[in-house]
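Remarks on the structure that follows.
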Amino acid sequence: MIQINEFLLKPCETNEELSIAAQLRYQAYRNVEAIKENERAEFTDKYDAQPNTKTCLIYEDNKALASVRACVYSKVHNFMEIPSFEVYKDEIEKELGLDKVIVESNRFVITPEMVDSKSLFKIPFRFIILNLHKFKGDFIITAVREKHIPLYKRFLTMEPISGLKKYPGIDVDMVLMAGDCKKNLQAVIDKESFFSIPREEVDAYTLSMQNTNAASR
């Protein structure tokens, strides 16, 4: 757990915490009509159960406000595929190469009442940077709505590498963006003091969960 201003950033370690993240996703996606209603009022996918992924929650006053998931494509994880490969694999192979370590930031959601919070928007990316450090990422990728391209260019020095496509699991057209970590990660870290992560935190971090029987639904 890491306290950043009024927010607490906590990687999910139990199925209960993953369920909270799934509820947040459901609320956020339903708010923009990106998914259909379901009885569970949760949104999960098969990648939640894969050993190369981990989800993080952001709290304020014990209330979960946001969530993000890191999916790691690397030799360490036997090059297990990540969500973007379902629709953008050709572009990833062409622009980045399939022999690189890639960390995908996905399922980034903010509770509808806080969706315009500029301070909250930045916090989840600290978790993605933690994964980039831990696995020595060559590239960070994320799929965004077309209107958000300028923001991700400015904030994370990322560039589009695809056209508009439906992102897996949601009815939203998105553009895949990529950032070269070797060239630009330090510049991103320098923008926010809380993006600087101590070595001991990186060493202690793991993708494994206390409960390992999380299943896609």
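Key figures for this structure:
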| read-out | value |
| --- | --- |
| Antiparallel content of DSSP bridges confined to the range 2-202, in %, to 5 | 90 |
| Shape of the range 68-110, Cα gyration tensor, a/c cut at 1.5 | oblate |
| Choice from ALA143, ALA34, ALA70 with maximal GNM fluctuation in the chain (Cα, 10 Å cutoff) | ALA34 |
| Convex hull projection area averaged over all views, the chain, Cα basis, nm² | 11.1 |
| Nearest-0.05 FRET efficiency for GLU33 and LYS89, computed from C-beta distance (R0 25 Å) | 0.35 |
| Which of LEU8, LEU65, LEU164 has the fewest Cβ neighbours within 10 Å, and the rest in rising order | LEU164, LEU8, LEU65 |
| Length-normalised contact order of the chain in % [C-alpha pairs under 8 Å, at least 6 apart] | 23 |
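Read-outs: derived from the displayed coordinates by stated rules, not from any lab. Remember, it's a predicted structure, so these values are computed and weren't measured experimentally. Neighbour counts are summed over all protein chains in view; Cβ atoms, including those assigned to glycine, are modelled from backbone coordinates with ideal geometry.
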